[in-house]
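Remarks on the structure that follows.
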Amino acid sequence: MHESNLFEYAVIRVVPQVEREEFLNAGVILYCPKLKFLQCLCTIDESRLCSFSNRIDAAEIKAHLHSFAEICRGSKDGGPIAQLDMASRFRWLTATRSTVVQTSKVHPGLCEDPAETLQKLYNEQVL
């Protein structure tokens, strides 16, 4: 029998015009402390994004999403936040903010394989 592990996740959203509060799901971030797992999967559908606003810079959005991945990995390219411990990185990435890239509220769950669960959530919430 496999052991279930507590995880937390949030959906990464692109909010092209913050004042309108419309968003496009662009990724999922998942943190499982027991298994020392923190990863995100992100993608952006540029044609869907442009339907929200023709003033949006897709390259800038992609750079922000890439930063999420770098911070999750703890990469030096992720800047000083990426050098924090895993729990602090997750909390920083999922903190409430009024910017073009935001996250949903954090949701808990149980999983056996966090990578598999991340892929499942990504498929359900983003694709």
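At an R0 of 41 angstrom, the distance between the Cβ atoms of L110 and D57 translates into a FRET efficiency of 0.60. Remark: segment 74-82, residue by residue, has Karplus-estimated 3J(HN,Hα) of x, 6, 4, 5, x, x, x, 5, 5 Hz, where x stands for each Gly or Pro and the curve is 6.51 cos²θ - 1.76 cosθ + 1.60 at θ = phi - 60°. At full extension, H66 and M86 could sit 5.5 nm farther apart than now, given 0.36 nm per residue minus the alpha carbon distance. Counted as membrane-span-like here are DSSP H helices of the chain whose alpha-carbon atoms extend 20 Å or more along the helix's own axis and whose Kyte-Doolittle mean is -1.0 or above; these are 58-73. Cβ crowding within 10 Å, taken as a proxy for footprinting-reagent exposure, orders Y122, Y9 from fewest neighbours to most as Y122, Y9. Taking a point 7 Å out from the Cα of E124 in the direction of its Cβ, the residues of segment 20-60 whose backbone N falls within less than 18 Å of it are 25-32, 39-42.
When V11, V18 are arranged by Cβ crowding within 10 Å, least crowded first, meaning fewest neighbours, the order is V18, V11. Considering helices alone, the calculated mean residue ellipticity of the chain at 222 nm is -10000 deg cm²/dmol, with DSSP H runs of length four and up weighted by -39500 (n - 2.57) and normalised per residue. The lysines within cross-link reach of K36, meaning a Cα-to-Cα straight distance under 22 Å and a gap of 8 or more places when in the same chain, are K76, K105, K120.
The Cβ shell under 14 Å around A95 holds other residues with a net charge of +4, Lys and Arg each +1, Asp and Glu each -1. By the count of other C-beta atoms within 10 Å, a proxy for reagent exposure, L65, L41, L30, L127 are ordered fewest to most as L127, L65, L41, L30.
Each reported figure results from applying straightforward, stated rules to the coordinates on display, with no laboratory input. Everything numeric in this text was worked out from a predicted model, so none of it was measured. So basically every Cβ, Gly included, is an ideal-geometry build from the backbone, and we count neighbours across all protein chains shown.
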